[in-house]
Structure formats: structure tokens, C-alpha cells
Amino acid sequence: QSALTQPPSASGSPGQSVTISCTGTSSDVGFYNYVSWYQQHPGKAPKLMIFEVNKRPSGVPDRFSGSKSGNTASLTVSGLQAEDEADYYCSSYAGSNKNVFGTGTKVTVL
Amino acid sequence: QVHLVQSGSELKKPGASVKVSCKDSGHTFSNSAINWLRQAPGQGLEWLGWITTYTGNPTYAQGFTGRFVFSLDISVSTAYLQISSLKAEDTAVYYCARGSDILTGCDSWGQGTLVTVSS
């Protein structure tokens, strides 16, 4: 199972929006609506931000939204804030009780 | 509220074994999917697999069968990751992470355990 493909970096100014892509295959992202997104600050454990493509856990700001089209899922962060600067990882169910994670994207707030 | 606490850092020589623990101080351990992931220095997250606390059945990601073993001790709400025949490339921070199932993401994470393999 190959890792999902994410751009290495993305950036935006405070208040702007940034969108991160996560490209898989018709066997994972394209087949299942079980895409999750995680935020990881340096030296910290990841935090769940989105599950089932577009659902937010309690406590996650509605500035974070998820979507999917075909084999590509996306995470959009609207109204960028300094604390959004972090690494972001997607993951997808890939069948046979297995998950696959993305390569990670470093988001910089300019 | 789920709170996962992992064991401390380990320094091991190549060829040795290590066992990392992950204790759940919440009240949902008996209805959980405990995932194991690792993150090598400066690298991304890598999913090793998971174990269901319903049956104790483990599932391993491709490339992590044989040397990696997941286990549980339900009586103390603790999950374990044992790695044998350690190699330098196993040096990483190892995380346990809990989900209600394998599908809907990991909503609680341990603090991570650094395993360093060096002669």
C-alpha cells in the first residue's frame, strides 16, 4: 500500500485560505468516504481535525473543512491564523482493515 | 475522556528487542481500536497497524509483519508494541492512537515514545 500523495508545503497570509490536496487511488480515497486529517505541531502528537471526509470532532474550529472529488481529498483552512502553522497529514481507509497515511504538508502562515 | 500514556524513551542496540506500552486512563479501552504509528526524525507519519480491544485481533500494515507484534492486557487497560531484531532504521517516535473503530480516525493520541537504535 503506497502512501497518499500530499504537496510538501503550502502557505498563506493571516486571514487567507489554504487548501491541501491528498491524492490516493480508486482503492482507498476514491472508494471509501473514510478520509481523516490530522494537524501536528513540532514535537507534539497529531490531533484529529476531520474524519469521514468532512466531519469535525467537537472543539475543532469550523475554519477547517474537508472535501473529496474522485481519488483526491482536500483540507481547506479558512481565515488562517498563526496557530494553524503546522504539519498536516491525511489518511484513508484502504480496505482489508487497513489504513494508509499521506506524505504530509507543512503549512506556513506568512 | 480518553487519555493515553506511553512508556519512556528507549536506547537499544541493533538486534535487541523493545516493548512500548500505552495505558488508557479513560473508560473506553474495552471498545477501542488501538493504532500504532511511527515517525522517523524529520519524516512523516507511518501507520504500522492496529489491534481491536474487542477480540485482541491485530492487523499489520504491509512491511510490518514478523518483527512487530501488537498485544493487550485488558486487566490494566494497556496496549503493547514489541519490536524484535531492531535495526538503525527503526529509530523513531512511536505513537499509540485510539479510535472507536478503524474507519473514523484517531481521536486520542499518546505522547509518543522515542526508540533509538544505535551501537
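The values are calculated or read from the model by the stated rules, or taken from the named source; none is laboratory data. As the structure is a computational prediction, the values presented were derived from the model and not from experiment. In this analysis, Cβ positions are derived from the backbone assuming ideal geometry, glycine residues included, and neighbour counts consider all displayed protein chains.
Some observations on this one:
- Subset of segment B:3-31 that is over 16 Å from the mean Cα position of the chain (by Cα) and aliphatic (A, V, I, L, M) - its residue that is nearest to residue B:68 (Cα to Cα): B:16
- Some residue of segment A:15-32 being on the phi > 0 side of the Ramachandran plot and among the hydroxyl-bearing types (Ser, Thr, Tyr): no
Table: residues versus (1) closer than 21 Å to residue B:10 by Cα; (2) surrounded by 21 or more Cβ atoms within 10 Å (Cβ to Cβ); (3) of a type in the set (Gly, Ala, Ser).
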{"site": "B:32", "(1), (2), (3)": "no, yes, yes"}
{"site": "B:38", "(1), (2), (3)": "yes, yes, no"}
{"site": "B:53", "(1), (2), (3)": "no, no, no"}
{"site": "B:70", "(1), (2), (3)": "yes, yes, no"}
{"site": "B:75", "(1), (2), (3)": "no, no, yes"}
{"site": "B:78", "(1), (2), (3)": "yes, no, no"}
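- Yes/no for residue A:104 being among the small types (Gly, Ala, Ser), in contact with a Leu (Cβ under 6 Å, 6 or more places away or on another chain) and buried (at least 18 other Cβ atoms within 10 Å of the Cβ): no
- Only one entry of A:55, A:98 meets the criterion of being more than 7 Å from every other protein chain (Cβ to nearest Cβ) and charged (D, E, K, R), and that entry is A:55.
- Within the set B:104, B:78, B:91, B:59, the sole residue that is modelled with pLDDT of 95 or more and closer than 21 Å to residue A:89 by Cα turns out to be B:91.
- Of all residues in segment B:81-114, those satisfying the criterion of being under 17 Å from residue B:4 (Cβ atoms), more than 10 Å from every other protein chain (Cβ to nearest Cβ) and buried (at least 19 other Cβ atoms within 10 Å of the Cβ) are B:81, B:94, B:98, B:113.
- Scanning segment B:50-88 for residues that are polar (S, T, N, Q), assigned to a loop (DSSP other than H, G, I, E, B) and in contact (Cβ under 8 Å) with a residue 24 or more places away in the chain returns B:53, B:77, B:84, B:85.
- Flag for residue A:105 being within 13 Å of chain B (Cβ to nearest Cβ) and among the hydroxyl-bearing types (Ser, Thr, Tyr): yes
- Number of the exception - residue B:96 against (1) more than 30 Å from residue A:5 (Cα to Cα); (2) of a type outside the set (Asp, Glu); (3) touching a strand residue (DSSP E or B) at 6+ places or on another chain (Cβ under 8 Å): (1)
- Segment A:67-97: number of residues that are buried (at least 18 other Cβ atoms within 10 Å of the Cβ), under 17 Å from residue B:99 (Cβ atoms) and not aromatic (Phe, Trp, Tyr): 4
- Considering segment A:58-89, the residues that are within 14 Å of another protein chain (Cβ to nearest Cβ) and assigned to a strand (DSSP E or B) include one that is farthest from residue B:3 (Cα to Cα), namely A:73.
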